[in-house]
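The structure appears below as structure tokens.
The values are calculated or read from the model by the stated rules, or taken from the named source; none is laboratory data. Given the structure is predicted, the values throughout are model-derived calculations rather than measurements. Cβ coordinates were reconstructed from backbone atoms using ideal geometry, including for glycine residues, and neighbour counts include every protein chain displayed. The protein model used for the area step is the full one, side chains on, heavy atoms only, and it has no ligands, DNA or RNA in it. Shrake-Rupley method; radii C 1.70, N 1.55, O 1.52, S 1.80 Å.
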Amino acid sequence: MQEITLPLLVAVFVAASASLLGSFAILKRMALVGDALSHVALPGMALAILFKFNPFLGAVVFLAVTVAGIWVIEYRSSLSLETIVGVFFTASLAIGALIMPEHDLIEALFGNITSLSTAESLISIALSIILIVLLMFIYKRLTLNMVSQEMAQSIGINNKRLELIFLLSFALAVALGIRFVGALLMGSLVIIPAASAKNIAKSLRAFMYGSVIFGVTAAGAGIYISHIYKLTPGPIFIIISASIFLATLLMRQIRIYS
Amino acid sequence: MKILEVKNLYSSINGANILEDINFDVNKGDVLAIIGPNGAGKTVLLKSLIGLIPYTGSIKWAQGIKTGYVPQRMDIETDVPLTVKEFFRLRGPSITDEKIQETLDFVQLDKRLLKKGFGEISIGQRQRVLVAWAVLGSPDVLLFDEPTADIDIAGQESIYKMLYHLQKNLGLTVILVSHDLNIVYRHAATVLCLNRKNLCYGAPKEVLSTEQLQSLYGGEKVFFQHKHHL
């Protein structure tokens, strides 16, 4: 049990920050954009491995540049974001897969949290906490921005700046989670817990708490089960998350039709 | 007392002129109604007034004036996880339960509504919630963009009663986009007819002649002036 204490802690904190962020991604209806966005991390990690620096750094840089690009495109062009994401982000996954050394590819795609060093683990936990604090600080403004940009602006909220902060938070959350579940499944770490919470929550508070509780539960259980059965934690996490989603979907349908 | 002075206002969106050379004033405590056909630039004008979209020309508010804005529509899902009370709380920490309660009374909404989901209440109720939300910021001027097709006639009528009540009791100045000329006749001190340019401006009974309305709405006989109404 002791050998998984640190990975367990990392998974719990990373999942907490990612699922909290996910609740806003769901409110903003950018579930698919978020999912595809995580693919951009792959070429960054590949280059980092090739040139022997930390893959986390590679992922962060690539993601930050990409979200800044998204931000500019959203304000400057009339192109649909979905189209841009659909074309370029999957292409970057392809490029990443080609240049990534083969023995690292599976780990980059599906993650392996147990390969983190102690220092990396502690940094991940610290960054997750910072992300959670930041989100709690801006969540009212974020929600208002997502409900009505005009009303937000009418009380002096700088929507553009707020959206950039949100996208950069997204980039950080993806970079943090990628060692846990990998580039291919990262979107699910962000989206599924929040989507599950939305099925049953009526209030913002229940939605945010629900999302974090589902994310943390699935992460903890995922690490534990994968340790016992010697499996890769990422896919186990996603399967547990998806099961929670199905359960909440069932609850929602029962509530609607009863 | 002049609360707002607009001179030579131009606004364009993606290179297309939406507003051309708009001029008008608003006095404190007045109701100004902006009327005009679809696509005339009414919403654009309202948004320029509070700086939501860029413009050229001059928009001068009296010093220290706070505005409250009620948008025409909101694109939210019916199952958005946000209660009405939480929606009020998004304004910031200064919004207390007492304040919310007091404001609900102003817009004649039941406090049981606070626990409901923001997406599940009726459009008419949402309209009142939005007005209450704007009023919570203790504005001097309320800018109200009337929803077009979403509310039935009875609902519209009662919204205007409520606005009128707010104007009288809180001394609010109201600038509203309206489609209902009856309302304009009954409640507005001044009316601005808009079809990209200002076509008329003044007291409703002075400027809203049948000919004027025909030229504004493109020849359709949408409304006749009935002397006995005035």
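List of remarks:
- Percent RCO, i.e. relative contact order, over chain A, from Cα pairs under 8 Å lying at least 6 residues apart: 33 percent
- Residues considered: B:Ala62, B:Ala40, B:Ala188. Largest GNM mean-square fluctuation over chain B, using C-alpha springs under 10 Å, is found at B:Ala62.
- Taking chymotrypsin sites (Phe, Trp or Tyr not before Pro) in DSSP loop conformation with at most 13 other Cβ atoms inside 10 Å as exposed sites, chain A has its longest uninterrupted site-free stretch at A:54-258.
- Dipole of region A:2-257 [Lys/Arg +1, Asp/Glu -1 at C-beta], most positive-end residue of A:Ala18, A:Phe51, A:Val147: A:Val147
- Our summary gives region B:87-209 a relative contact order of 19 percent, counting only alpha carbon pairs under 8 angstrom and 6 or more residues apart.
- Sorted largest first, the spans of the alpha carbon positions of chain B along the three principal axes are 49, 39, 36 Å.
- Amide H contacts of B:Leu82 (H built 1.01 Å from N, in plane; Pro and chain starts excluded): A:Leu204, B:Phe118, B:Gly119 sit under 5 Å, all sequence-distant by 5 or more or on other chains.
- Dipole-positive endmost among A:Ala94, A:Leu176, A:Gly111 within region A:2-257 (Cβ charges, Cα centre): A:Leu176
- Residues of type lysines that A:Lys198 reaches as a straight line, Cα spacing below 21 Å, ignoring anything fewer than 8 places off in the same chain: A:Lys28, A:Lys140, B:Lys85, B:Lys115, B:Lys116
- Within a Gaussian network of chain A (alpha carbon springs, distance under 10 Å), most fluctuating of A:Ser169, A:Ser226, A:Ser17: A:Ser226
- Once C-alpha pairs closer than 8 Å and six or more residues apart are averaged by separation and normalised to the residue number of chain B, the relative contact order reads 27 percent.
- FRET E, pair A:Met136, A:Ile73, Förster distance 25 Å, beta-carbon r, rounded to 0.05: 0.30
- Heavy-atom accessible surface of B:Leu136, to the nearest 10 Å², is about 10 Å², with a 1.4 Å probe and all protein chains retained.
- Eigen-decomposition of the gyration tensor built on the alpha-carbon atoms of the protein assembly as shown gives equivalent ellipsoid semi-axes of 52, 25, 18 angstrom, largest listed first.
- Diffusion constant of region A:2-257 at 37 °C, which comes from Stokes-Einstein with the Kirkwood Cα-pair radius and 0.692 mPa s, µm²/s: 179 µm²/s
- Inter-label distance, nm, simple model (7 Å from Cα along the C-beta direction), B:Lys161/B:Lys66: 2.9 nm
- In Hz, Karplus ³J(HN,Hα) per residue of region A:231-242 (6.51, -1.76, 1.60; θ = phi - 60°; x = Gly, Pro): 10, 6, x, x, x, 5, 4, 5, 5, 5, 4, 5
- For region A:22-39, putting each phi into the Karplus relation 6.51 cos²θ - 1.76 cosθ + 1.60 with θ = phi - 60° gives couplings of x, 4, 7, 4, 5, 4, 7, 6, 10, 4, 6, 4, x, 5, 5, 4, 5, 5 Hz, in residue order, rounded to whole numbers and with x for Gly and Pro.
- Exceedance of the 18 Å cut-off in Cα-Cα distance is limited, within the set B:Lys7/B:Lys60; B:Lys47/B:Lys197; B:Lys66/B:Lys111, to B:Lys66/B:Lys111.
- Highest mobility in the GNM of chain A, judged by mean-square fluctuation with C-alpha springs under 10 Å and restricted to A:Leu122, A:Leu37, A:Leu184, is found for A:Leu122.
- As a calculated quantity, the FRET efficiency between A:Ile95 and B:Glu98 at R0 = 51 Å, using C-beta atoms, amounts to about 0.30.
- Long-range HN-HN contacts of B:Gly36 with modeled amide H, under 5 Å: B:Leu194
- Chain B contacts chain A over a buried accessible area of about 2200 Å², both sides summed; the probe is 1.4 Å and only protein chains count.
- Heavy-atom accessible area per residue - region A:2-257, 1.4 Å, Å²: 44 Å²
- Each residue of region A:186-191 is assigned a 3J(HN,Hα), and the resulting list reads 4, x, 5, 4, 7, 8 Hz, derived from the Karplus form 6.51 cos²θ - 1.76 cosθ + 1.60 (θ = phi - 60°), x at Gly and Pro.
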